[in-house]
Amino acid sequence: MSDERGRVLVVDDTRLNRTILARALETQGHEVVEAENGRVAMDLLQAEGASGIDVILLDLEMPEMDGYETLRRIKASQAIGHLPVIVISAVDELDSVVRCIEMGAADYLPKPFNAAVLRARLSTSLAAKRLRDLERDYLRTIDRQRSELARFLSPQVAELVSSVDGEALLGGHRRIITAVFSDLRGFTAFAETAEPEELLDMLRDYHAEMGALVVEFGGTLEHFAGDGILVFFNDPVPQPDHEVRAVRMAVAMRERFEAMNVAWRRRGYDLGFGVGMAVGHATLGRIGFDGRYDYAAIGTVVIMASRLCSEARPGQILINQRGYSAVEDVVYGEPIGELALKGFSRPVSAYNVVGLPPGS
Amino acid sequence: MPDAPIDAATFAELLETVGGDRDFLAELVETYRADCPGLFAELRTAMASGDAAAARRAAHTLKSTSASLGALGLAGQCREIEAAAATGTLVGLEARVERAAVTYGEVETALRAAVIASEAS
C-alpha cells in the first residue's frame, strides 16, 4: 500500500464522530481540518482554494447544508470540482451512497469507522488526487514552455519542437524552399547617427509590422538581424504555393515599409527597402550546440536570396529565374538582365517584381 | 452476545481506529455521556412541540454516535425513531423514545465498565 499523507477535510455535524475521525486520520499521519456542516466546509474550501485540501470526508445528514448539497456545489465548482469526496455513510444508508457516487463522490466510508477501511479508502483517493495534481502540473509546464517557445521561435518551429514527428524533421532534411531576404538601405548610416533609444524604437516598430506579415503569409522566420529579415516558405510545414505566398509577402512588406517611411522621412530618416527572393534546394534542421540551437536553412538558395537583396535598389524585389517562373502568372515583373553575384561562378538571371494585378 | 448494550467487537475496533489510545477512548466515552442527555432532551422537546424535523435530527445524531461507540441496539432504536420522524408524523413515538432512554441507561453503565476494563488491560 502506498504511503500517501494528505490534508483531509472532515465534514460532520456530530462532534463525537468528527473527533473519532480526526484522531484516526492523525494516527495514520494525515493533517485534519474540521467543519461542522456543508456551509462551513464550502467557506473553508473557498478560503483555502483547491491547493489546501487533498480529500474531503463528507457526512450526509447535517443541518444548514447537508451532504448532498455540499457535494453538488463542490462538483459544480471549476476550482475544487476535482477534489475526491468520500461520503460517510451508515450501512443502512447504502441508497444514499449510490446517489452520491452518481453525483461524483469518489468512494464511501461505512460507519462505524474501521481503521483499515479508512486507510484503504484514503490511500486510493489520495493517490488519485496526486496523479491528477501531477498531470495538471505537467500540462501547465508544457503550456508555459510552448508559449515561451513561441515567443522565441516562429510558430511553425515551436509547433514542430513539441510535435510527434518533430525530432525527425529537426534532425535534418532536404527540401525545395523559397527564401526571402529583406533589409533597409541606408540603415547602417542611420544606426551610426541615431540615438540608441530612437534606433531601438524604430527597429521594434519595424519588426512588429514585418513580423505580422510573416505570420499572415505563413512564412517561417529564420531570424531578424538588425534590419535584415530572413524568411523561408515550404518548411517545416509543406506549402504547395510557397513561391506565391513568398512574393505576396514581399510585396506586402514593401507596401508596409512605404507606409512607415512616410513618418520616418518626416523625422529625417533616409531609408529604402529591398528584397531578394530565390527558390531552390536547402538543407533544413537544427544547427548549433547544446545550450543554443536554431532551426536554420542552409544552401545556395539562402545565399542567393541574400545576394539578390544586396543588389536590389530601394523598392526593388529581385527574384531568381526559378522563382520568377513559378510566380510570373500572378505578378507584374520585368527582367533586369544577368547579375554577377559574389560566390556564384555564373551570372544569374534576375527579375524585379513591379506589383500584383489589382484585386489579387 | 448480540443483545449486549455495547458490541465488544465494535468497541475494540474503535480503540484500534484511534490508534490504541485508551485515554482518548475514555474521553470519547465522556463526550458521548455528556452529549446524550441533551439529545434526549431535544428529542422530548421536539415530540412535545410536534417538530418532526428537530426530532429526526436529534434521533439521527443519537443513532450515529451510538453506532460509533458500539451501542448497536440503541443505534437501531434511534434509527427507527429517525425513520418514523422522517415521514413527518410523531404519533406514537413517545413510547419508543422512552424505551430508547432506558436502553441508553444500560449503554452508559456498560460503557463505563468497558472503559474501566480497557484501562485495566
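The values are calculated or read from the model by the stated rules, or taken from the named source; none is laboratory data. This structure is a prediction, so every number in the text was calculated from the model and none was measured. Methodologically, a virtual Cβ is constructed for each residue, glycine included, from the backbone with ideal geometry; neighbour enumeration extends over all protein chains shown. Each accessible area value is taken on the protein alone, full model and side chains, heavy atoms only, with ligands, DNA and RNA left out. Shrake-Rupley method; radii C 1.70, N 1.55, O 1.52, S 1.80 Å.
Normalising the average separation of contacting C-alpha pairs (under 8 angstrom, six or more residues apart) by the number of residues puts the relative contact order of chain A at 12 percent.
Taking a ≥ b ≥ c as the square roots of the eigenvalues of the alpha carbon gyration tensor, the range B:8-120 is prolate, as a/c is not under 1.5 and a/b beats b/c.
Mean per-residue shielding of peptide B:10-19 is 5, counting Cβ atoms of other chains within 10 Å of each Cβ. Calculated accessible area for the protein assembly as shown comes out at 48 Å² per residue, all protein chains present (probe 1.4 Å; ligands, DNA, RNA ignored). Measuring only protein heavy atoms, the 1.4 Å probe finds A:SER163 accessible over about 40 Å².
Neighbouring Cβ atoms from other chains, within 10 Å of the Cβ of residues in A:7-18, number 3 on average.
Helix by helix through chain B, keep the DSSP H runs that span 24 Å or more along the axis on Cα and average at least -1.0 on Kyte-Doolittle, and give those back in order. Don't skip to the answer; put the middle values down first.
On the way: long enough: B:22-49 (40 Å, 0.07); B:52-69 (26 Å, 0.02); B:94-120 (39 Å, 0.17).
Long hydrophobic helices here: B:22-49, B:52-69, B:94-120.
With the charge dipole of chain A set up from +1 on Lys and Arg Cβ and -1 on Asp and Glu Cβ about the Cα centre, the Cα lying farthest toward the positive end among the listed residues A:LEU339, A:ASN234, A:ALA179 is that of A:LEU339.
If I compute solvent accessible area with a 1.4 Å probe over the protein chains, what percent of it on the range A:76-217 is carbon and sulfur?
Details: 4430 of 7850 Å².
Carbon with sulfur: 56 percent of the solvent-accessible area.
Centroid-to-centroid, using Cα positions, the range B:1-25 and the range A:211-232 are 77 Å apart.
How many Cβ atoms of partner chains, on average, are near each residue of A:265-274 if near means within 10 Å of its Cβ?
Taking the mean over all residues of the peptide, I get 0.
Compared with the dominant Cα axis of chain A, that is its longest principal axis, helix A:67-76 is turned about 0°.
Note on the protein assembly as shown: antiparallel DSSP beta bridges, both residues inside, total approximately 65 percent of the bridges counted. Computed 3J(HN,Hα) for the range A:121-135, one whole-Hz value per residue from the Karplus formula 6.51 cos²θ - 1.76 cosθ + 1.60 where θ = phi - 60°, is 4, 5, 4, 4, 5, 5, 4, 5, 5, 4, 4, 5, 5, 4, 4, glycine and proline marked x. The range A:268-324 and the range A:29-103 have their alpha-carbon centroids 63 Å apart. Rolling a 1.4 Å probe over the protein heavy atoms leaves A:ILE319 with an accessible area of roughly 0 Å².
I need the shape label for the range A:128-251. Rule: rounded when a/c is under 1.5, else prolate if a/b > b/c, else oblate, with a, b, c from the alpha carbon gyration tensor. It would help to have the intermediate numbers written out before the result.
Details: a/c = 3.01, a/b = 1.50, b/c = 2.01.
Oblate.
Shown here for the range A:240-291: trypsin sites (Lys or Arg not before Pro) in loop regions (DSSP other than H, G, I, E, B) with at most 11 other Cβ atoms within 10 Å, namely A:ARG267.
When the accessible areas of B alone and A alone are added and the area of the pair subtracted, with a 1.4 Å probe, the result is around 2000 Å², both sides summed.
On the accessible surface of the range B:6-121, probed at 1.4 Å, how many percent belong to carbon and sulfur atoms? Before the final figure, lay out the partial values.
Details: 2780 of 5090 Å².
The value for the range B:6-121 is 54 percent carbon and sulfur by accessible area.
Compute the Cα gyration tensor for the protein assembly as shown, then decide on rounded, prolate or oblate, letting a ≥ b ≥ c be the square roots of its eigenvalues: rounded whenever a/c is under 1.5, prolate when a/b is larger than b/c in the other cases, and oblate in all that remain. In terms of gyration-tensor shape, prolate.
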